[in-house]
Amino acid sequence: MNQVKSSNLILKQVMALMFSVLIYAAQICSTYAIEETTGNNVRNIDVLSNSITSGELECFINEAFDREMQKFNIPGAAISIVKDNHIILSKGYGYADIDNKKLVEADRTMFRIASVTKLFTANAVMQLVENKNINLNEDINNYLTDFKIKNRYSTKVTMAQLLTHTSGIDSDIIGDLSEKEAEVKPVSQFLKNRMLPVVREPGQFIQYSNYGMALSGCIVEEVSGMSCKDYITKHIFEPLEMENTNFEMNPDELAKGYKIENGVLTQQNLKGYFNLYPIGGIVSTVDDMSKFMIAHLNNGEYNKKHILTRTTSIDMHSRHAGFDSTVPGMCYGFAEGFRNGYRTIGHPGYSPDGFSTELCLLPDFNLGIFVAVNQGTNNSFPQNFVNEFIDHYFPAPADSLDDCIMAGVLDKRIEGTYRFGEYTRTTLNKGDIFGAGEDVKVIINKDKSITVHEADPFTGEKTATVATQVKPMIFKSSDGEYFAFKLNNDGEVTYMANTSNSWHGTYERISWYEGNLFQVGIFMACSVILLVEIILFIVFATRYFVMKHKHTVRVSLFVRSVNLLLGINSLLNLLFYGISLTTWGDRLRYGVPMDVRLLLCIPVITSVITIGLAVASIISWKKKTGSLLFRTNTSIAVITFLIYMWLYNYYNLLGFKY
C-alpha cells in the first residue's frame, strides 16, 4: 500500500512538472496574442497549449462552453484560469444582456459571485487572527457586544467553528434582503433582531450555515470598528487591485440574471439589497477574481502585496473539520474537494436571480479556475465544467481506485432514509423541505453492496449509485464516490456523508413518518377528505335551508353546529395551504409581510376548532347523538384535522415562528 501511495505522489510531481514545462513552452511559442471574437466583443487573450497542438486548452474550453450553454440555454458565461501567478486564459461567452445585445467581457462584465463571497469574509477574519485581534478558539460571545447567541449546549461556539460550518447555528433566509437601501442595517443590528439559536452540538458535524458566516462578518465589524464591506474593500479589494469588484447591488456592468420557467428563458431581477452581504453580496469580473486566486495560490501575495502571511495562508487552506478522512471536509472558509486523487479547495455560489459560480484551486499544480454563468437554475455547469477540466488534464492514475472490497459483516442498520441537514429547524421556512427535501434512500443489496437513491437538488435528476464496502461503515462506488456512516451516542446509525456534499453538510436519518413520500401522500389524502367535507357541508346546508323553508327541520342544534365547524375548518385548512404554497416563496426574503402574519392565525384557529370537534366527536359517540353516518364522518374529519395539526407543528407553522 505504501508503494501505491509513493507512486501516486511521484506521478503527481511528474504531472506538475510537465504542466509547468508546457506552460513555459506555450509562453515562448505565443509571443503574439490571438484575437478572440464573440459577436462584437473582441478581446486579446493569451493562449495556453497543454498538448502538441497549440491552443488546445482554448479549444477544449470553447467546445465545453458552447455545448453546455446550448444544452441548458445559458445566455452568458465567463471563465478565468490562473497558473504560476499568471492569468493564462480569461474569456467571456454569450450575452450579459440579451435584450440589449450586450456581450460578456471578461474584464468588464460583473457577475454576482454569491456564496464565493464567504471566502472574502473568511479572509478578513484570518487577517484579524494574524493581527492578534481574534482568537480562533475563543467563545464568540466574548466578541459580541449588542447580543449573545443562544446556546443550550455546554460546548462553546468558536470562530474556528464559524469558518468551518461546525458551529451548529441554525440558518434561514427570512429577511435577508431589504427593498430599499436605506433599510439596510449593520450586520450586527440585523443579527441582534433575528439571531437564530444553536440547534446542534457545536463542533460535532459540518452543517452549512449562512448565519454562522454572517456572524463572522459581524465579528469583523465588532473587532475592526469598520463595516464588513468597508474592511474587505480596504484590506482585500484594494491590495489586489480588484477595481471592478464591490458590494453594490445593481451596478451598470452587472450582467442580467436569467432563469428557466416552464422551459422558457426569462429575465430574473433581484430587487432590493442584501442585509447579510458578508455571505453573498459581492459582484466581480472573472479578471478580478483571477487576482484573488493568484494571491491564495501564492500564499497570500499578489504583485508584492500581501492579504495574508504565508503561515496564515497555509493555515486557512488546511483541513480543519471533516466527517471522515475518505470524504472532503472544510478549511477556514474554503471547501475541500477530492478529484482523481488530487485535492482541491474552493467554493461554489448561487444567487436567487440565476447567477451560478465556482472557484476552484488545485494547490498541487498552483492552478486556479473561476467560472460564472448568468443562468444556473436548471444546471450545475460551473461545477461540472471544473470536474470536466480536471478529468481532462489531470486524469486519475491507473492505480488510484485500488481499495479492496471488504469481506465480512455488513451493518444492516445503515439501511434507511437520510435527509441533508441544510434546512432551518426553528422557523416556518422549514416548510421548504416539504416534498422537496434532499432525501436519499440507502438499500442493502443481496451481494452486500448498497444502492443510494437520490435526486439532484437543482435539476431534479434522479440517480442510483451502487457502492461496496471498503472499510467498516465506508462504501465506495466504481467512479470513486465514497459514502460514510456514523453512529450517534446511543449506538444507532444516524449520520451519513458522501464525497459530493460532505464539505457542505451531513445527512441525518429520518423516521418513516418524516419522509417526503409519506408526508406528501398523507397530505394529498387529507386534502381530498377535506374537499369531500366541504362538499358534504354544502349539501347539508342546502338540505337544511330547504327543510327550514318547509318547516320540517329535524336536525339538532348539536349536529348543525358540528357540521358547520367541519365545513369551516376544512375550508380554512385548504385555504392556508393553498395560499402559502402559491404566494410565499421569495417574498419572505424581504421579511414577513402582514398578509403572511394574518395567514398564520389560521393554523391557531383551526387547531382550537379541531380540539373542540374532537371533544364533540367523543360526546356524540358516548351519547349516540346523530346518525351513525354523522358520527363516522365527524371522526374521520377530526383525524384528518389532527394530521394537519401535526404537519403544522412539524413545519413550524403552528404559531408565529419567524
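The values are calculated or read from the model by the stated rules, or taken from the named source; none is laboratory data. These numbers come from a predicted model, not from an experiment. Cβ atoms come from the backbone with ideal geometry, glycine included; neighbour counts cover every protein chain shown. To get the accessible areas, we keep the full protein, side chains included, count just its heavy atoms, and leave off ligands, DNA and RNA. Shrake-Rupley method; radii C 1.70, N 1.55, O 1.52, S 1.80 Å.
Site pair Ile535 and Ser154 shows an inter-label distance of 6.0 nm when each label is modelled 7 Å from Cα along Cα→Cβ.
Which net charge results when you count Lys and Arg as +1 and Asp and Glu as -1 among the other residues whose beta-carbon is under 12 Å from that of Ser209?
With Lys, Arg at +1 and Asp, Glu at -1, the net is 0.
What's the local net charge at His165, with K and R +1, D and E -1, over the other residues with C-beta under 10 Å away? In short, 0.
The stretch between Phe147 and Arg425, if pulled fully straight at 0.36 nm per residue, gains 98.0 nm over its current Cα-Cα span.
When only the heavy atoms of the protein chains count and the probe is 1.4 Å, how do Ser607, Ser154 rank by accessible area, highest first?
Result, largest first: Ser154, Ser607.
Between Leu575 and Glu63, the modelled label-to-label distance comes to 6.1 nm, taking each label 7 Å out from Cα in the direction of the beta carbon.
Order Phe545, Phe338, Phe523 by their accessible area, 1.4 angstrom probe, all chains in place, largest first. All intermediate terms of the calculation are to be shown ahead of the outcome.
On the way: Phe545 130, Phe338 80, Phe523 20 Å².
Correct descending sequence by accessible area is Phe545, Phe338, Phe523.
Given R₀ = 45 Å, FRET efficiency for Ser325-Tyr513 by Cβ-Cβ distance, to 0.05? Rounded to the nearest 0.05, the efficiency is 0.85.
For the pair Lys448 and Glu238, the difference between a 0.36 nm per residue extended length and the Cα-Cα distance amounts to 69.9 nm.
Ordered from largest to smallest accessible area (heavy atoms of protein chains, 1.4 Å probe), the residues Lys476, Lys305, Lys101, Lys446 come out as Lys446, Lys101, Lys305, Lys476.
Note on Leu536: accessible area approximately 80 square angstrom, rounded to 10, probe 1.4 Å, nucleic acids and ligands left out. The peptide list 512-518, 89-95, put in order of mean Cβ contacts within 10 Å with the highest first, becomes 89-95, 512-518. Per-residue SASA remark: Arg67, around 90 Å² accessible (1.4 Å probe; ligands, DNA and RNA not included). Rounded to the nearest 0.05, what FRET efficiency do Asn250 and Ala396 give with R0 = 45 Å and r taken as the Cβ-Cβ distance? Could you check? Efficiency at R0 = 45 Å is approximately 0.55. Computed packing ranks the peptides 564-574, 357-367, 163-173 as 163-173, 357-367, 564-574, most packed first, by mean other Cβ atoms within 10 Å. Going by alpha carbons, how many degrees (0 to 90, nearest 10) lie between the helix axis of 117-130 and the longest principal axis of the chain? It works out to around 70 degrees. Taken as Cα centroids, the stretch 142-200 and the stretch 201-260 sit 15 Å apart, rounded to the nearest whole angstrom. Taking Cα atoms only, the orientation of helix 2-29 departs from the longest principal axis of the chain by about 60 degrees. In this simple spin-label approximation, Asp586 and Ser556 carry label points 7 Å from Cα along the Cα→Cβ vector, and these lie 5.6 nm apart. Relative to the longest principal Cα axis of the chain, at what angle does helix 286-297 sit, 0 to 90 degrees, rounded to 10? Helix 286-297 and the main axis of the chain meet at about 70 degrees. For Tyr650 and Thr266, the difference between the fully extended length at 0.36 nm per residue and the C-alpha to C-alpha distance is 134.7 nm. What number comes out for the charge environment of Tyr302, summing +1 per Lys or Arg and -1 per Asp or Glu over other residues with Cβ under 12 Å away? Computed value for this residue: -1. Take Thr417: with every protein chain present and a 1.4 Å probe, its accessible area is about 40 Å².
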